[in-house]
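The values are calculated or read from the model by the stated rules, or taken from the named source; none is laboratory data. Bear in mind the structure is a predicted one, so any value in this text is a computation, not a measurement. In this analysis, Cβ positions are derived from the backbone assuming ideal geometry, glycine residues included, and neighbour counts consider all displayed protein chains. Only protein heavy atoms, including side chains, enter the accessible area calculation; ligands, DNA and RNA are left aside. Shrake-Rupley method; radii C 1.70, N 1.55, O 1.52, S 1.80 Å.
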Protein chains: 4
Amino acid sequence: MKPRSVILLAHCPLRPGIAARLTELVHSRGGTILSHDQYVDAEIHHYYTRLEWEAAAASGGSEEARDAVASLIPAEADAEWSLSDSSEVPRMAIFASKDPACLYDLLARCHSGEWALEAPLVIGNHPELAEAAARFGAEFQAFSITDENRKGAEARQLELLRARRIDFVVLARYMQILSGDFVRAYPNRILNIHHGFLPAFPGSRPYRAARERGVKIIGASCHYVTEELDTGPIIEQDILRVGHRHSVEDLVRLGRDVEKVVLARAVRCHFQRRVVVHRGRTVVFD
Amino acid sequence: MKPRSVILLAHCPLRPGIAARLTELVHSRGGTILSHDQYVDAEIHHYYTRLEWEAAAASGGSEEARDAVASLIPAEADAEWSLSDSSEVPRMAIFASKDPACLYDLLARCHSGEWALEAPLVIGNHPELAEAAARFGAEFQAFSITDENRKGAEARQLELLRARRIDFVVLARYMQILSGDFVRAYPNRILNIHHGFLPAFPGSRPYRAARERGVKIIGASCHYVTEELDTGPIIEQDILRVGHRHSVEDLVRLGRDVEKVVLARAVRCHFQRRVVVHRGRTVVFD
Amino acid sequence: MKPRSVILLAHCPLRPGIAARLTELVHSRGGTILSHDQYVDAEIHHYYTRLEWEAAAASGGSEEARDAVASLIPAEADAEWSLSDSSEVPRMAIFASKDPACLYDLLARCHSGEWALEAPLVIGNHPELAEAAARFGAEFQAFSITDENRKGAEARQLELLRARRIDFVVLARYMQILSGDFVRAYPNRILNIHHGFLPAFPGSRPYRAARERGVKIIGASCHYVTEELDTGPIIEQDILRVGHRHSVEDLVRLGRDVEKVVLARAVRCHFQRRVVVHRGRTVVFD
Amino acid sequence: MKPRSVILLAHCPLRPGIAARLTELVHSRGGTILSHDQYVDAEIHHYYTRLEWEAAAASGGSEEARDAVASLIPAEADAEWSLSDSSEVPRMAIFASKDPACLYDLLARCHSGEWALEAPLVIGNHPELAEAAARFGAEFQAFSITDENRKGAEARQLELLRARRIDFVVLARYMQILSGDFVRAYPNRILNIHHGFLPAFPGSRPYRAARERGVKIIGASCHYVTEELDTGPIIEQDILRVGHRHSVEDLVRLGRDVEKVVLARAVRCHFQRRVVVHRGRTVVFD
């Protein structure tokens, strides 16, 4: 069994000696550093770090750790940090529509031992995916959403997320646009897979658009959802070469595999606390 | 619903007009050509083709079609052809050991509507994957294989394959080497995913070897199993860039995703009759 | 020495037997087919082909060949064909500004024996690249272009192109926008390399835009120039993975190598007559 | 103009606080850190770093800097470091045979302002590349090498390298195997581009071998030359997807472009002091 570890994810204006002080903090408390990723954006003099350590048994409660970190990274406008503990397994809700490809992939990774992540809840705007959820013992709730009932439906979804103690939401080809209210309830905690290569073809039929434009490459992007459509911080992207022989159906099929892989990589980086969001961009410690 | 279609997959020494005669054969019987892929290897004057057509209702039995093709591609040493009918859904058996990643991916594709393929049987050399098979309603049979019982175990496996009317076998990270007898029972119908980049690191611990060699790229290969280990015709390969920061564990994790995608692409090409094997190589009409 | 070959590049509405009739045409005239690429767009029932054959000595003049092809592909609105002869080496003019990377790459390929292509003329809108052109014995002409003198300058450029018997133009990081008049003088014969991943970041500073958007992939596109900016038929694209550690300078440097390769691939396909343009897209027989 | 900078490239057994002490050393001498790349191999507890700083005018001679570094990284069996100064432009010799593709690419990068690198000397084992060298004003010396004269020829080559104050050697498709004596004269300072995907197809005709094996991917590797053929530390690799339609000639042509890019990336990392060699592998701070 893996020992208990603690992860600090932080960014702040660069100050001299910050790296040494963070590692000293761990050593002084008897911890063993497992990894220490750092990045300095020289253009804006900003420091980003992910520090993971094995906590000593006698290292004291996490509150004490929080105080120690707070003394090194003071609260200020352009700084942010969080501590997380490997003993708390995060919980993900998956929103989907009819295509089960991404859903199956995420559920399988949660149940195969690959990920230390729970996926207790699947929300659909169609009933089709009930069977897929059931295969992996996940609760399935369908919400038929119209412009009229959207507000109430989202309120009930948010209630459900809270009741199931959901930490973050993955839109795995969910064909609905979330309201600003919903997005604000989970800031930088809603991941969307865009079936197209952002910012190339925003909108609802990117593969048809890609075929008509005659592109030689298709791709997929996973980004955090923000109130403005398809412009949130990009976590991961990948592509595939295509050609004139590929029909729209081929592009959809090939794109689906890119989407699955891109979404899975992004979800892993998110729940393993590898993603810092700052100024509309991500720093990914992968 | 998709209409019934027929697929001719063939190779033979190049003779003038062969393409026109094949299409004429389809037209004369009232069929509509859906796709016609061809390849001529100019070096050895050899013709390869995959011709798919929508069969007319009154187009006569497949025996008649067979006679017509046989008249165009006479039996000879260096020629081979087969006709298949979309109304017969192929049946795949999956052999695996402990890692469920590829197994889940294949089963999900069979059950999500993505593939017109049945996966009724999973054979393990450990009991671990019983649950994964059960989630998708597949029969699971475990065979604990030792050098002593191998012969008998393989005989029972072959019997099982016949009883379940299995068309082809996929070794989805199956950690046993099949005997020549077994391989000869399913010529060019056993696919293996090699967790390493053939012919780079043959053998059992390719990621450890890759790390020690300091490679900057890892990959996976799917090939047909032949009697000689890891030298069968390659169907599909892909790679991923890595670096000095990746531990052996990272390589295993990253490699697993490449393996899944490479295996899935190869299985699709195989069961949709897109792969011709000739002289130890493949022609893949993808 | 390679024997004389003829290339037919054509597209037309699909008609039965067209492929067989084209190959028959070559055989009946004593030619030997070197390659025969075909593509049928099933969605619009359109036929595209590239047929290359070794011409027999006694095969008659090219006029006769033209008549024969014309009898198979009658003049109509949605059909087009051209015959070219390997004995006529095409001549390329390169337009550039200050960055010599693409220019050197193209000139080196023309002079190393890799390409059967002449590059007698380099046009710059700055004097900087005179030395690069001189290294490979190409004529260099600088045109300092302003909004006021553009019309006259372009007229003199067109005159120069005609005087040097230029077949096609490559904009190898040429920082000027050509007028509609210029573009219409070389329809589908002006190639542009876009230092960014079309249609992602049109405009003049795509790498700055890519960095600000936080993309994880950058790329380059080569397309034919049309009167509308950056929307011409795409010939080739490629990409490179990047991350948060890459500065704008890194992106420019990495992007330059992608641009070079993408442009070289596209130029090769163009001058070897591998590109059919139809309905704003390309079919590339590579 | 870029200001004068100093680069420390080092590796040593991991000791606590080493990173902080190195940065402190720079700060205490009035330097400004431009970049600080680090890597800890957790498996073997080893520290690797590349630290680049802008030297203050009054920072003292480099000898003093050497003493300071030596006090932090004591001489021991498993440690190594070097300091270099941006004011000293490195000098590269290029060895080649008949194919000018890589040679032109390297020379163009040296002369286009892309690289702060001099390429004063080209050595060929054939006279063919004299013209290519001359275009860029490089001295060209041809050595016709046989088994009989190899020893003497290599001695004269080494003398030439010393006379021209060459820092490192690039084998840009040089079709001769260097003797152990030669290799030992430039340890980890001879780069070779292998036209094939190491360790896949060692030997002299990798593309023919790749075609016969039916691989779906080809690649190129750049590695430091060691006394054992094709097993030196890999600096960079890349690949390209291919298929059954590609002839050996196609593979050679496509491979050439991969080779050019891989070699150029590796040369840049080498002369910008981004490569640490340790235990037969590289750590590349790119």
Where D:ALA266 falls short, out of the listed (1) open to solvent by 20 Å² or more (accessible area, probe 1.4 Å); (2) in contact with a strand residue (DSSP E or B) (Cβ under 6 Å, 6 or more places away or on another chain); (3) among the aliphatic types (A, V, I, L, M): (1)
Test set (1) within 14 Å of chain D (Cβ to nearest Cβ); (2) open to solvent by 50 Å² or more (accessible area, probe 1.4 Å) - C:GLU159 fails condition number: (1)
Which numbered condition D:GLY255 misses (of (1) of a type outside the set (Ser, Thr, Tyr); (2) open to solvent by less than 30 Å² (accessible area, probe 1.4 Å); (3) under 25 Å from C:ASP286 (Cβ atoms); (4) within 14 Å of chain B (Cβ to nearest Cβ)): (4)
Meets criteria (at the interface with chain D (Cβ under 8 Å from one of its Cβ atoms), of a type outside the set (D, E, K, R) and within 22 Å of D:ASP99 (Cβ to Cβ)) for C:ALA108: yes
Matching residues in region A:203-217 - criterion: being more than 10 Å from chain C (Cβ to nearest Cβ) and either surrounded by 22 or more Cβ atoms within 10 Å (Cβ to Cβ) or closer than 23 Å to A:ASP286 by Cβ (or both): A:PRO206, A:TYR207
Criterion (open to solvent by 30 Å² or more (accessible area, probe 1.4 Å) and touching a Gly at 6+ places or on another chain (Cβ under 9 Å)) met by exactly one of D:ALA77, D:ALA130, D:ALA116: D:ALA130
Within region D:129-219, helices (runs of 4 or more DSSP H) holding 2 or more residues that are within 23 Å of D:THR231 (Cβ to Cβ) and without any contact (Cβ under 8 Å) to a residue 60 or more places away in the chain: D:150-163, D:180-185, D:206-213
Contacts under 6 angstrom Cβ, first residue in region D:17-35 being more than 11 Å from chain A (Cβ to nearest Cβ), partner in a loop (DSSP other than H, G, I, E, B) and among the polar types (S, T, N, Q), 6 or more apart: D:ARG29/D:SER59; D:GLY30/D:SER59
Selection from region B:36-51 of residues that are more than 12 Å from chain D (Cβ to nearest Cβ) and either among the hydrophobic types (A, V, I, L, M, F, W, C) or open to solvent by 20 Å² or more (accessible area, probe 1.4 Å) (or both): B:HIS36, B:HIS45, B:LEU51
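Any idea how many residues of region B:1-20 are open to solvent by 50 Å² or more (accessible area, probe 1.4 Å) and closer than 26 Å to B:ARG281 by Cβ?
Selection size over region B:1-20: 3.
How many residues, within region A:258-267, are under 20 Å from A:GLU52 (Cα atoms) and more than 9 Å from every other protein chain (Cβ to nearest Cβ)?
Number of matching residues: 2.
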Hey, A:ALA93 exposed (fewer than 13 other Cβ atoms within 10 Å of the Cβ) and either touching a residue at least 60 places away in the same chain (Cβ under 8 Å) or closer than 17 Å to A:ILE18 by Cβ (or both) or not: no
Checklist (1) on the phi < 0 side of the Ramachandran plot; (2) out of contact with any Pro (no Cβ under 6 Å at 6 or more places or on another chain) applied to D:ARG165, failing item: (1)
Selection from region C:52-74 of residues that are open to solvent by 40 Å² or more (accessible area, probe 1.4 Å) and touching a Pro at 6+ places or on another chain (Cβ under 9 Å): C:GLU54
Selection within region C:33-52 - within 18 Å of B:ALA42 (Cβ to Cβ) and out of contact with any helix residue (DSSP H, G or I) (no Cβ under 8 Å at 6 or more places or on another chain): C:LEU34, C:SER35, C:ASP37, C:ARG50, C:GLU52
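Would region D:164-177 turn up any residue that is open to solvent by less than 60 Å² (accessible area, probe 1.4 Å), of a type outside the set (Val, Ile, Thr) and under 30 Å from D:ALA56 (Cβ atoms)?
yes
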Long-range neighbours under 8 Å by Cβ, at least six apart or interchain, first residue in a helix (DSSP H, G or I) within region C:246-266, second among the hydroxyl-bearing types (Ser, Thr, Tyr) and open to solvent by less than 20 Å² (accessible area, probe 1.4 Å): C:VAL248/C:TYR207; C:LEU251/C:TYR207; C:VAL252/C:TYR207; C:GLY255/C:TYR207; C:VAL262/C:SER221
Within region C:225-252, considering residues that are closer than 15 Å to C:ARG211 by Cβ and of a type in the set (A, V, I, L, M, F, W, C), the one most open to solvent (accessible area, probe 1.4 Å): C:VAL252
Residue list for region B:4-32, filter: of a type in the set (Ser, Thr, Tyr) and in a strand (DSSP E or B): B:SER5, B:THR32
Total residues in region A:225-234, condition more than 8 Å from chain C (Cβ to nearest Cβ) and outside any loop (DSSP other than H, G, I, E, B): 0
